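Below you'll find the structure, written out as structure tokens, and then a few comments.
The values are calculated or read from the model by the stated rules, or taken from the named source; none is laboratory data. All figures in this text were calculated on a predicted structure; none of them were measured in a lab. Positions of Cβ are backbone-derived with ideal geometry, glycine not excepted, and every protein chain shown enters the neighbour counts.
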Amino acid sequence: MLAAALPLVGCGTLAAPAGDGNAVRPNAHAGPFRDATADELPDTVRKVPYVLDDPNANYRESVAVDLDGTGSLGRVALYVVADLAPGTGIYRFVSAHGRSFGKKPDPARPVLEPGAAWEGSFVGRPDVHVIGGKIWMLYQAAGGIGLARSDDGRTFTREPGPVLGPDPAAAWEGGKTPGAPGLLKVADDDFRLFYAVDDRIGEARSSDGVTWKRAPGGPLLAPLAGSDADAPFDSASVGDPYALLATSAEGRRITRVYYAGGNADGQRGIGMAARFGVDGPLTRATAPVFPVALDARSPTVLPFSGFTLLYLTQIEGTASTQDYPAVALGVAPGNASIPAPSP
Amino acid sequence: MRRAAAAAVLLAGAALAAPVRANPADTFGLGSRSTALGGAVSADVHDFSAGYYNPSGLALAGGTDLSLGYMYVSHQLRLNGHDSQIDPVRGLMGGIVAPGSVAKIPFAFGIATHVPDERLSRARTVDPSVPVWMLYDNRSQLLYLTANLAIRPFKWLAVGGGMTFLAATKGSFDISGTAVLPDTLGKRSEYDSRLRHEVDADLTAVRYPEFGVTILPSDRFSAALVYRGQAELNLAIDAKLKGKVDAGLVTVPAQYALESQTLDAFIPRQVVLGTSTQPVERLRVNLDVVWVQWSAYKSPVSYSVTSLDVPLPKSLLPPATKPSARTAPGFLDRFVPRVGVEYRFEPLQKLELPVRAGYAFERSPVPDQTGTTNFADTDRHILSLGTGVVLDHPGAVLPGNLRFDVDAQLSILPTRVTLKDSPADFTGDYHAGGTILAGGATLSVGFK
């Protein structure tokens, strides 16, 4: 009877523990995600499930990039805003197996710091992708969303001005500055930019990734309505979009947008919304894809053969000494087993 | 701490589904002769299997009849190309027919049973986001027993009825004590937890009635009408966790309660109309049409109500969950045509070699699973073959007959594609199909 009761742990709301579940859930790789386990994180010094943490560095607004692109988990670069000795900026860390990053960034200096007048005093919320052999970084600054490109991921050349700034003509944005970019390359001449304004997510389109035109209409994704006593996790804000393309088991193309949501009670989690094809409105998943707690933000989703990794930033823990942001790792499907890193 | 709260929410949010459970005779047949004839025997059954196909057939037996057999069913069902790994159905089957007479009115009593040789019963719930073969996974893993009585008040009329019994399980569990959250330094492990479990499980019985009438206007034609009642068993699980969560620096009391109800077994109501014709000597052609009331099937998804009491800031707890919603699965009634043909060769006096073939078509009662439910099912074509040996008066000891029958059954389930309405569905699109292979043998002894 206990064996009959144990499957109660499996739930459509959150990922089930490893060892159960069915591999034929076709969208299992899209979520929900579970915490990475100690066996999957080779660095035993850090608290599970964190891959980069330091109470003084305040690692936040991270994005991960698969450097190998082979489908197998190998080298992963993490671009993250940090408060390190050279100064606050966007730093780059590299892991040979994507699951633990050393405390020393590569290079030692920030790869991007405020430099142009339109950027003001900060740059953050990086979104990094490998496009055409180059490293593209979109980032948020005081005057809007900027674009910087690099051949090696360490030295970037930025566009002179924002590629997407405030637009008074966009009624729902209220003239506010867009931020938190999420880039999606659909084809060589078709790019989509998901961005956050006023706790909502909008979309813009481009044929070259540099010149953008906002999609007509209102926001693509807005906070979900709910009663005060039963507020969904994303009933107050949605932001930090991260998009990728997928194909269903029956060949239907799907655009998935992962995002960070929050409600009035201070609960935050990672959600997912999707659409068939590359155009049209998004439909929300029925539940968050990662546990709603610890101020989850900035999701990055990297699919590999057999599993998908979710990188995100959240506070280190519930104790007062753990109230600082760090980069955590999630795994989907729940019964996936990540191979041990090669020695 | 967050993990403990999240784990509790896992239980809180549980909306689990249970594969539909039914008797194995419903799905794969009972007795080798009846199975080989595609189950089209309501108007042509007079051995122990009449207890399922038509209780009035017991009164048509020539004398006391004992049967014992074995069946084995192997599933090759696939979801998106992956083997669904459904357990085989296997076990002993058999029964007895005991005729007599009261006031010169012939009557008969019969018992038929299927006894699984692995387990008497099994309850299993599954994650509703995982497609499950609702009509096959775990469906026939239970004990089946039927007892019936039949009379033949006139030569052209037989009437019978009785009850069928299915075994099912229910239970509850309580957990109390202190759960230890492990740390990354290896100083504390979850195995340091001090928990006490109490599990209470009962084996219960589900009963439903069946009735049958057979009309025999001539030796070469008979017709039958059969009714099988509906039955369902609700599985109630109550869980209580009351104790403490030890996170090292702090120990937090926690209380969690779950009440869950699931429809564990469901036998749909059935009405059978059948005929049996003997156009020429030794040839028999049978036709049955079965109406199955699947529309009465309630949601297999469990209904659960939960409460969680952990003294943590609300921002560290997941959002409150609502009682799980159960919507009717929308299963559809269906008509199942069955046809069977039997020819009895007689190479020697007192020796018969019957050859049998059958076909049945079961349209899937499951509607397109475009929403959040994932009840995998497709149409089913059932092809059956069988043969046997009948020895009449095999010896002075046995004034009746000795029969040995074998059957083979192939079910073809054409691939069915499911396309989800929501692109964000956690399950996603899938296709399902496969085959089911079954075989059996029955040894019968008839006394006249």
Task: Candidate set: the stretch A:304-321, residues that are surrounded by fewer than 17 Cβ atoms within 10 Å (Cβ to Cβ) and over 27 Å from A:Ala57 (Cα atoms); chosen: the one farthest from the other protein chains (Cβ to nearest Cβ) - done: A:Ser305
Open item on the list: Can you report the number of residues in the stretch A:243-283 which are at the interface with chain B (Cβ under 9 Å from one of its Cβ atoms), surrounded by fewer than 21 Cβ atoms within 10 Å (Cβ to Cβ) and of a type in the set (D, E, K, R)?
Closed with: 4
Task: Filter result (surrounded by 16 or more Cβ atoms within 10 Å (Cβ to Cβ) and polar (S, T, N, Q)) within the stretch A:185-213 - done: A:Ser206
- [ ] Can you tell me which residue among A:Gly165, A:Gly161 is farther than 23 Å from A:Ala82 by Cβ and touching a Ser or Thr at 6+ places or on another chain (Cβ under 8 Å)?
- [x] A:Gly165
Open item on the list: When you check A:Ser298 against the structure, is it polar (S, T, N, Q) and under 13 Å from A:Asn27 (Cβ atoms), yes or no?
Closed with: no
Open item on the list: I need the full set of residues from the stretch B:404-421 which are in contact (Cβ under 8 Å) with a residue 40 or more places away in the chain and either within 14 Å of another protein chain (Cβ to nearest Cβ) or farther than 20 Å from B:Tyr72 by Cα (or both), in order please.
Closed with: B:Arg416, B:Thr418, B:Leu419, B:Lys420, B:Asp421
Open item on the list: Just the residues that are under 18 Å from A:Ala196 (Cα atoms) and of a type in the set (D, E, K, R), please, taken from the stretch A:115-135.
Closed with: A:Glu119, A:Arg125, A:Asp127
Task: Failed item, numbered, when B:Ala432 is tested on (1) surrounded by fewer than 22 Cβ atoms within 10 Å (Cβ to Cβ); (2) within 14 Å of chain A (Cβ to nearest Cβ); (3) not in a loop (DSSP other than H, G, I, E, B) - done: (1)
Task: strands (runs of 3 or more DSSP E) wholly inside the stretch B:177-296 that include at least 1 residues being modelled with pLDDT under 95 - done: B:194-218, B:231-246, B:251-267
TODO: Pairs only if they're at least six apart or on different chains, beta carbon under 8 angstrom, first in the stretch B:84-95 and on the phi < 0 side of the Ramachandran plot and surrounded by fewer than 22 Cβ atoms within 10 Å (Cβ to Cβ), second part of a loop (DSSP other than H, G, I, E, B) and of a type in the set (Val, Ile, Thr); list them, first residue then second.
DONE: B:Ser84/A:Val24
- [ ] Among the numbered conditions (1) surrounded by 24 or more Cβ atoms within 10 Å (Cβ to Cβ); (2) in contact (Cβ under 8 Å) with a residue 40 or more places away in the chain; (3) within 12 Å of another protein chain (Cβ to nearest Cβ), tell me where A:Thr300 comes up short.
- [x] (3)
TODO: Being in contact with a Leu (Cβ under 9 Å, 6 or more places away or on another chain) and within 23 Å of A:His129 (Cα to Cα) is the filter here, so list the residues in the stretch A:209-239 that pass it.
DONE: A:Gly209, A:Val210, A:Trp212, A:Arg214, A:Leu220, A:Leu221, A:Val238
TODO: Sort through A:Ala141, A:Ala116, A:Ala148 and tell me the only one that's in contact (Cβ under 8 Å) with a residue 24 or more places away in the chain and surrounded by 23 or more Cβ atoms within 10 Å (Cβ to Cβ).
DONE: A:Ala141
- [ ] Those residues that are of a type in the set (D, E, K, R), more than 14 Å from B:Asp405 (Cα to Cα) and in a loop (DSSP other than H, G, I, E, B), I need them from the stretch B:24-50; list them, please.
- [x] B:Asp44
TODO: Spot the failing condition for B:Ser384; the list is (1) surrounded by fewer than 20 Cβ atoms within 10 Å (Cβ to Cβ); (2) modelled with pLDDT of 95 or more, and only one is missed.
DONE: (1)
